[in-house]
Amino acid sequence: MNHYDLAVSYKWIYDKEFVTLIEHIFQGLNLSTYIIHKKNIFEVTELVKHHGLTFTAYLDRASDEDEDFEELANFLSSSATYIINDYRQIEAAVDKAILHPVLEANKLPVPFTIIIPPLDKCELPKITKKQMKELGIPFIIKPAYYSGGGEGVITDARNFTQVMNERKINPDDNYLLQKKIIPAVNKSRRIWFRVFYAFGNVIPLWWDDRTHIYTEPADWETKKYPLKKIHNMMIKIAGLAKLDYFSTEFTIDETGKIWIIDYVNDQCDMRFKSKHIDGVPDKIVEKFIYFMAEKVRSI
């Protein structure tokens, strides 16, 4: 039997650089790695099923995109292998229709939201005039489950016809109608953050919601802006989501109020900023991997 500290599966071509860096850092820490991809998935699945190959932990960045990786995921999830981002927690964590009321009940600052049931269960949802008035115009339309990185999100909706049209795209998904939060602007910078939670650690980054460009906050900015409050909110969200890693978007409006905009993104894009203009700063990707190594070593 061959045993490795961490197995990583990936499908997306742009994950290759991230996976290569994982191998480099882990091996430098005397932790062994095993990489699973399209060319070896069936061989690895058979080896694991027949106990010829075991792993301490598994980072799965493939089975949500490719059913060829599902059998391995199912087998490992019922074994002693630690699944990074437990499959049993993911659905409730990333489904905004499930998580929104949980965040609200825990007094976390989420925008006013109307949750619309799936089209295939309710053709014409009931929304009161009072709700629409509080929602305001323009408002946000977003699918509860089939969205991520802004995909499928309408940011300037103005009427209910748009809502009905969007629901046809994912008729089995709930939809959220959300009050649009206007961020404060300081010297042309929109006050918007994408914050990473990584194995007990919180990493705040400036993030432009329009260009998707990341910037690391300077030391003086960590004192000027309420990043400590955002840090505490992230820890609270992590306790509710029960995931090892994810990212969340925050903004601050002109009154100084913090808002949680996009709740939990479980498959974080880890392309390097040195190679992609909208990538994550390289040293943040490195930090993430070192935090993951600490977690694997602790198992």
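No value in this document is a laboratory result; all are computed from the given coordinates. In this text the structure is predicted, and so the values were computed from the model without any measurement. In this analysis, Cβ positions are derived from the backbone assuming ideal geometry, glycine residues included, and neighbour counts consider all displayed protein chains.
Okay, here's what the table says:
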{"quantity": "Segment 2-84: relative contact order in percent, alpha carbon pairs under 8 Å with at least 6 residues between", "calculated": "39"}
{"quantity": "Loop trypsin sites (Lys or Arg not before Pro), segment 168-219 (other Cβ atoms within 10 Å of the site Cβ: 16 or fewer; DSSP)", "calculated": "Lys180, Lys187, Arg210"}
{"quantity": "Convex hull per residue volume in Å³, alpha carbons only, for segment 154-211", "calculated": "144"}
{"quantity": "Of every Cα-Cα pair in segment 185-268, the percent that sits beyond 16 Å", "calculated": "48"}
{"quantity": "Rg and Dmax of segment 21-95, Cα atoms only, in Å", "calculated": "12.9, 37"}
{"quantity": "Alpha-carbon Rg with Dmax, taken over segment 1-154, Å", "calculated": "20.7, 65"}
{"quantity": "Per principal axis, descending, Cα span of segment 73-175 in whole Å", "calculated": "53, 32, 24"}
{"quantity": "Convex hull (Cα only) mean projected area of the chain, reported in nm² to one decimal", "calculated": "16.9"}
{"quantity": "Positive-end residue, segment 1-139 charge dipole about Cα centroid, Cβ charges, pick of His37, Ser9, Ala92", "calculated": "Ala92"}
